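One structure is given here, and the rest of the page talks about it.
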Amino acid sequence: MKSSVVLRIDRIACDGRGTCGEFLPELIELDDWGYPIIADGPVPRGLERLALAAVEMCPKMALQLRANEDDTRSGSESTEELR
Amino acid sequence: MSAGAVVSQLPWMWLVSRASGLMLLVLFSTVFVLGISARLGSRLRSMPRFAVAELHRTLALFSVALLALHVATAVLDPYVSIGWWVAVVPFTAHYRALALSLGTLAVDLGAAVLITSLVRRRLGHRWWRTVHWLAYASWPLAFMHSLSAGNDMSIWWVAALVWGSLSAVALAVVDRILFARQSRGGRTSARTRSSGVAISVHPGVRS
Amino acid sequence: MSSAQLLRHMGSNQPTTGCRRLLPPEPWAPAGLAAHLQRHGALVHHPSSDAWRAATFGEIERAGLVGRGGAAFPTVRKLRALLAHRGRPFVIANGTEGEPASMKDRVLLARSPNLVLDGAALAASLVGAGEIIMVVHRDVRDSVDAALAERRRIRLDSTKFRVVTAADGFVAGEASAVVNWVGRGAPIPLGKAPRMTERGLQGRPTLVQNVETLAHLGLVGRHGAEWFRQVGTADEPGTMLVTLAGSVVRRGVFEVAIGARTSHVLELAGGPSEPIQALLIGGYFGTWVPSPAALSLPFSASGLGVGLGAGLVVALPAARCGVLETAQLVRYLASQSAGQCGPCKFGLPAIAEQLELLAAAMPVRFDDLTRWVDEIEGRGACGHPDGVARHIRSALDVFGDEVSEHLVGRCSASEKRASLPLPTCEPL
């Protein structure tokens, strides 16, 4: 069952401390330098509370939970409301 | 004199204030060391690293409760008149002004750290971190308050706890400085998952 | 670079596949305002008329104009996006041209600055902007200043213009980096959210548009959608400026109709100067395509199967080593990372190191290399790591045979030195 939230990360704020990957390995893997690789797609319903805790725990406040439709990939402005 | 009479004549407020003060020093030092451990990413036995940060936060909040007890008993102590405001406004006590003011200053800085931590999302990381560094000033103030306001250093285990706290904190500070020096070089090589094995053959012949 | 040197970058023979829309005809007409108005006519705005605004938006939409800075995003959608957010917008004309081998923005600003200024003014009228900021490469600052001075003398534009010299560096041309440069003097990207069209310079909606896109806009505003679509393909209409570099007879900037045969595009530069093995399309962040296979394909994104990016086309001679060229380019790109995000800051140099070992036909951690390339994608605050990943994947594909050779310690190139031009690799 999919929820309507996704984990997003502010890559500039992220310092590679690795708290998120340690706490939530189900969704977050750490690369060779300790920086998070976040699983694609919405947060599974059962993990929502843990995802929230991970967001709280990030020492740089780089991790965020966002609503699912919000796509912030570069160049993709397809979700803008157009008049 | 009956046992009941002895007990009722003990200066409870003063005793609890002294005891809570000592506990507070030990607790505050523990919080301090845990904070540095969390930053350094060290493990604590088999505890995961994120748990170190959580413990730091939990004990910090607990020490606020203990601090309330320490201040309340000092103020309510009938033998000495210390007003409530002395807890937050320095240099206003009539009794042992300097000793108490050191404690007051430590409380003020600690309060700033606490409040900014509670609203850190709204505040943003940069400001939160700037205020949090005030903790480095807060501990020495608390320590000197212990030495000057406390009267129990002649008791051997009190002295042991006090000097033990100082040692632990000093070591943690040294660790933190070394960590900062080493971090300036920055991460350069891959840490964990790389296969580490070259898979191409090099016969030493080039065309 | 002097304007005389810039002029030499203009192609001198334009066969029928070339179209002279943006660039002035030969012999080189002076870039003055009078000549410009004589050639193109005046561009009239009616910013207070909703009907005019709606009609103009309609024309831009039908024209199918997309950005010429590399991302090819539909211009009309970007313009409309600004209207959806609060605050008086800014228009920023992006002429930074951080891509070192590309010259088109500079040549355009040197030879047709008024067309760019027209487009910027039109965009400003359409979105109700309070100010237009021209961010231009230092080589062409004088040209833009002079053009603006002429316009100011006759009060041609109702919106205020400001000129800023662009910063150096590969990522300095990224949209949020330009905004950051103008706003805070730091030419590094700000991250993907919020978008510049929502909150950019001074927290206001900001349109960041490549100067070539604005030049096309200046023409669409005059001649309309149908005229714009007379050349190009149905999906990719219009002309574009390309910079032809590498092993071609006459390097330079040329205007081509999108969809022209790629061999004809190369012919604009006199064709290859020696047998070539591949073309690098788009920019140093772009994609390799093999030659001669690509030469018979249409020069378009759908024709070549790769994005046209910033219009760079670099011809790599068959005699050189594609792996070595790629390694050198990737090392340059790694040095140009803004260094704000771990995966880019650490991943790119690690990848560059392995590619250099591969280029030297030495033992390589090939599995790690491909894994790292996969891992950097999408994990930066800007598109820099994505561009590098795309470049490397195309190189490993197009130069696959050479890669196999290198993996067993050999190199089949006759000239074992890199040839593609690079500025001195100074990290930011």
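None of the figures in this text is laboratory data; all of them are computed from the coordinates on show. Note that the structure is a prediction, hence the values are computed from the model and not measured. Glycine gets a Cβ as well: all are built from the backbone with ideal geometry, and neighbour counts include every protein chain shown.
For chain C, the percent of C-alpha pairs falling in each 10 Å distance bin, counted from 0 to the bin holding the largest distance, reads 5, 23, 32, 26, 12, 3, 0. Arranged from fewest to most other beta-carbon atoms within 10 Å of their beta carbon, C:Cys321, A:Cys14 become A:Cys14, C:Cys321. Among C:Leu266, B:Leu76, C:Leu304, the ranking by other beta carbons within 10 Å of each residue's beta carbon, starting with the fewest, stands as B:Leu76, C:Leu304, C:Leu266. Using a Förster radius of 35 Å, what is the FRET efficiency between B:Val173 and B:Leu10 based on their Cβ-Cβ separation? Nearest 0.05, please. Using R0 = 35 Å, I get an efficiency of 0.35. Full extension of the chain between C:Arg62 and C:Gln202 yields a length gain of 47.2 nm, computed as 0.36 nm times the residue separation minus the alpha carbon distance.
Taking the inverse of the mean reciprocal distance over all distinct Cα pairs, the Kirkwood hydrodynamic radius of the stretch B:40-114 comes to 14.2 Å.
Each Lys or Arg adds one and each Asp or Glu takes one away; over the other residues whose Cβ falls under 10 Å from the Cβ of C:Cys382, this sums to 0. Here the mean projected area of the convex hull built on the C-alpha positions of the stretch C:322-407 is 4.6 nm². Derived from the Cα gyration tensor, the three semi-axes of the equivalent ellipsoid of the stretch C:239-317 are 15, 13, 12 Å, largest first. DSSP beta bridges fully contained in the stretch C:20-228 are about 5 percent antiparallel. Net charge in the neighbourhood of C:Arg320 (other residues with Cβ under 11 Å of its Cβ; Lys, Arg +1, Asp, Glu -1) is -2. In a reduced charge model with +1 at each Lys and Arg Cβ and -1 at each Asp and Glu Cβ, the stretch B:1-97 shows a dipole moment near 440 debye about its Cα centre.
Summarising the strand pairing of the protein assembly as shown, around 55 percent of its internal DSSP beta bridges are antiparallel. Spin-label pair C:Asp142-C:Arg162: with each label point 7 Å from Cα along the Cα-Cβ axis, the two points sit 2.5 nm from one another.
By the count of neighbouring beta-carbon atoms within 10 Å, fewest first, C:Lys104, C:Lys192, C:Lys416, C:Lys160 end up ordered C:Lys160, C:Lys416, C:Lys192, C:Lys104.
In this simple spin-label approximation, B:Ala112 and C:Ala186 carry label points 7 Å from Cα along the Cα→Cβ vector, and these lie 2.4 nm apart.
Quick check on the protein assembly as shown: helices-only [θ] at 222 nm, where DSSP H runs of length 4 and up contribute -39,500 (n - 2.57) each and the sum goes over total residues. Nearest 500, please.
Theoretical 222 nm ellipticity from helices: -15000 deg cm²/dmol.
Convex hull volume of the Cα atoms of the protein assembly as shown, normalised per residue: 211 Å³. Which lysines does A:Lys60 reach when only Cα atoms under 30 Å apart count, and residues fewer than 8 places away in its own chain are ignored? Partners within reach: A:Lys2, C:Lys192, C:Lys345. If the Kirkwood radius is taken over C-alpha pairs of the stretch B:1-128, then at 37 °C and 0.692 mPa s the Stokes-Einstein diffusion coefficient equals 196 µm²/s.
Listed by chain and number, the lysines placed with their C-alpha closer than 24 angstrom to that of C:Lys160 are C:Lys78; residues fewer than eight positions away on the same chain are left out.
Based on every Cα atom in the stretch A:5-65, Rg and the maximum pairwise Cα distance Dmax equal 10.2, 29 Å. Local charge for C:Ser302 was computed over the other residues whose Cβ lies under 10 Å away, with Lys and Arg +1 and Asp and Glu -1, and equals -2.
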